[in-house]
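Inspection log for the structure reproduced underneath, given as structure tokens.
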Amino acid sequence: MRLFLIILLCPCFLFGQILTTSNLPIVVINTNGQTIVDDPRIVCDMGIIDNGFGNINSINDPYNDYNGKISIEYRGSSSQSFPKKSYALETQDAIGNNNNVSLLGMPVENDWILYAPYSDKSLMRNFLTFDLGRKMGHYSPRTVYCELVVNGDYKGIYILMEKIKRDNDRVDIAKLDSDDLAGDSLTGGYIIKVDKFTGTGGWGDSWQSNYNTIGGNSLRIQYHYPEGSVMLPQQLDYIEHFVDSFEYSLSGPNFADTSIGYAKYIDVNSFIDFYIVNELAKDIDAYRLSSYLYKDRDDNGGKLTMGPLWDFNLAYGNADYCSGGIPTGWEVNSGCGGNNPFWFERLLDDTTYQNKLKCRWEYLRDRSFCQDSIFNFIDSMSLYLNDAQQRNFQQWSILGNYVWPNYYVGNTYQDELTFFKTWISDRLTWIDGNILGNCYVVLGCTDPLACNYDILANTNDGSCHYNSSSYDTLVSNISISWNGLILTTSGDYSAILYNLVGCDSIVNLNFIFDPASAINYNSTNQKTLIKITDILGRETNGTRNKFLFYIFDDGTVERKIILE
């Protein structure tokens, strides 16, 4: 009987011990007897163990990164059919309010994703793509590998990542409030997307474009931020009209005109980079799904910008339909491309756009898109995940087995990585030989935020100029002429200066007029003057008719000039 009991209990003991320690952070969720579902969210407990990179985390260690309440639900569309589920969660305080916290070193927020790589047996397709996006200079959701335990059950390797939303550390655009109904405040910020309707407000949270997809189907564009249900008619009309104006200009005969064509409405460089990443990955969902765009206020650029990148688990040869497994051909107009917006195909009809695309591709191929750079990243992640991936595939016995929609099925984790790298190598080579355009060096300002940005330039010559502002204090016992104004009374004054390249320089002056010159700097606002220096930092007694720096005991520094 004793022998029978030992045989019965061993499997349970082994299952419970699948995770004891890890070099990855450990996330532990306790639902307190509740069942996680797609909707509604449930409120439960989460703890995170993270002893720092290079240190071992034990399942019995105290929760030292987070220990508190969350609301959680399943997320995803087709991926919800997998036994390994992805989750959307919100960190909350004890009474259910948003709890903005930093998780695993990421900036403070309350909305998070626990993404479950399952059909992607490399465990890296999203992780690599978001890293490439950041290296290109764009915001991409931050990602941290971890291992997950739910109610004592080991769930495998997960990626804790940021949800796409408006935030200073995520999509950094202006907040659109209910009273932003006119002027510059109406012009941003907005986040829109082309995507499935899963997990959204449905058909009513979108509008139908006046222009069909390249396959002739209707195209619906969804509101992401703010949600359509909370936007007012003026705001809905504004963003719809702006996108319509872009599409109208792009479809017209003067679409390539830099003044009245598509470049008036979009951040061209972001469209080029979005195209490059999606074509490198040959993502079968590219352009037609999980494609985000945002628009900030006009006073901060105000153009329609592609991004952030999202959802690449079926990319890099991991799909057995829409020619997804073959590393040749353009996704923009083949495979599943019939459902794509016409934008990207039409942009390629402009030779200037083609040439900028070719130059950007060649620039990236010498840097973050260099094969050695990509392979080194994959190899380093493979080493980092080595122990954890063994536990993951012990829990989910899918190596050597087909999981929808695998194009390739490897018998080992190393087989999967070898296919992943070989496919990327073949894809890089194919794009090198087939990308359109000619890369000529065109010098100029290449920063879209500069006031002399040159859309034709592809090489920055250091000529960029930007709007600026300055603040000065001036004390005088006589009236003065300042930027066309005669100053005879104390007060704050501003003027806008323009230069030849169209930049604004806003100058602000705090003018103190004292005819008696009875100025006591030792009692200004009850501050004590420590010393006066010139612009070179040399101490002085207060020379007249020169700008000097007055340094006070409270740490403030005032730049002043006393005129006589």
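Each of Lys546, Lys527 was scored by other Cβ atoms within 10 Å of its Cβ. Listed from fewest to most, they are Lys546, Lys527.
In terms of the mean number of neighbouring beta-carbon atoms within 10 Å, the peptides 301-309, 88-96, 31-39 order highest first as 301-309, 88-96, 31-39. Counting Lys and Arg as +1 and Asp and Glu as -1 over every other residue whose Cβ lies under 15 Å from the Cβ of Pro62, the net charge comes to -4.
For Tyr87, the shell of other residues with beta-carbons less than 9 Å away shows a net charge of +1, using +1 for Lys and Arg and -1 for Asp and Glu.
Modelled spin-label separation between Asp244 and Asp93, with each label point placed 7 Å from Cα along the Cα-to-Cβ direction: 4.4 nm. Spin-label pair Val442-Ser229: with each label point 7 Å from Cα along the Cα-Cβ axis, the two points sit 4.6 nm from one another. For the chain, the dipole from Cβ point charges (+1 on Lys and Arg, -1 on Asp and Glu) about the Cα centre works out to 880 debye, to the nearest 20.
With contacts taken as Cα pairs under 8 Å at a separation of at least 6 residues, the chain carries a relative contact order of 9 percent.
With 0.36 nm allotted per residue and the present C-alpha distance subtracted, the Thr35-Asp366 stretch has 114.2 nm of extension available. Couplings 3J(HN,Hα) of the range 109-116, computed from phi: 6, 10, 9, 9, 10, 9, 8, 10 Hz, in residue order, whole Hz [Karplus 6.51 cos²θ - 1.76 cosθ + 1.60, θ = phi - 60°; x for Gly and Pro]. Our note on the geometry: Cα centres of the range 157-173 and the range 206-234, 23 Å apart.
Positive contributions from Lys and Arg (+1) and negative ones from Asp and Glu (-1), summed over other residues with Cβ under 15 Å from the Cβ of Leu24, come out at -3.
Here the 3J(HN,Hα) profile of the range 379-391, calculated from phi with Karplus coefficients 6.51, -1.76 and 1.60 at θ = phi - 60°, is 5, 5, 5, 4, 5, 5, 8, 4, 6, 5, 5, 5, 5 Hz, Gly and Pro shown as x.
Placing R0 at 30 angstrom, the Cβ-Cβ distance between Lys196 and Asp415 gives a FRET efficiency of 0.45 after rounding to 0.05. Computed over the chain, the per-residue total of -39500 (n - 2.57) for DSSP H runs of n ≥ 4 gives a 222 nm mean residue ellipticity of -7000 deg cm²/dmol, rounded to 500.
Peptides 76-87, 278-289 ordered by packing proxy, namely the average of other Cβ atoms within 10 Å per residue, highest first: 278-289, 76-87. Remark on Thr540: its backbone amide H falls under 5 Å from those of Ile532, Thr533, Asp534, a criterion applied only to residues 5 or more positions apart or on other chains, H modelled at 1.01 Å from N.
Using the Cβ-Cβ distance between Asp553 and Cys451 with R0 set to 60 Å, the FRET efficiency from 1/(1 + (r/R0)^6) comes to roughly 0.90. In this structure the amide hydrogen of Arg75, modeled in the peptide plane, comes within under 5 Å of the amide hydrogens of Ser86, Tyr87, Ala88, none closer than 5 places in sequence on its chain.
Here the 3J(HN,Hα) profile of the range 65-75, calculated from phi with Karplus coefficients 6.51, -1.76 and 1.60 at θ = phi - 60°, is 10, 7, 8, x, 8, 9, 10, 8, 8, 5, 9 Hz, Gly and Pro shown as x. Under a 5 Å amide H cut-off, with hydrogens placed 1.01 Å from N, Gly156 pairs with Leu148 among residues at least 5 apart or on other chains.
Protection proxy ranking for 119-125, 239-245, using the average of other Cβ atoms within 10 Å per residue and placing the highest first: 119-125, 239-245.
We did not get these values from a lab; they are worked out from the coordinates using the rules stated. Since this is a predicted model, take the numbers as computed values, not measurements. So basically every Cβ, Gly included, is an ideal-geometry build from the backbone, and we count neighbours across all protein chains shown.
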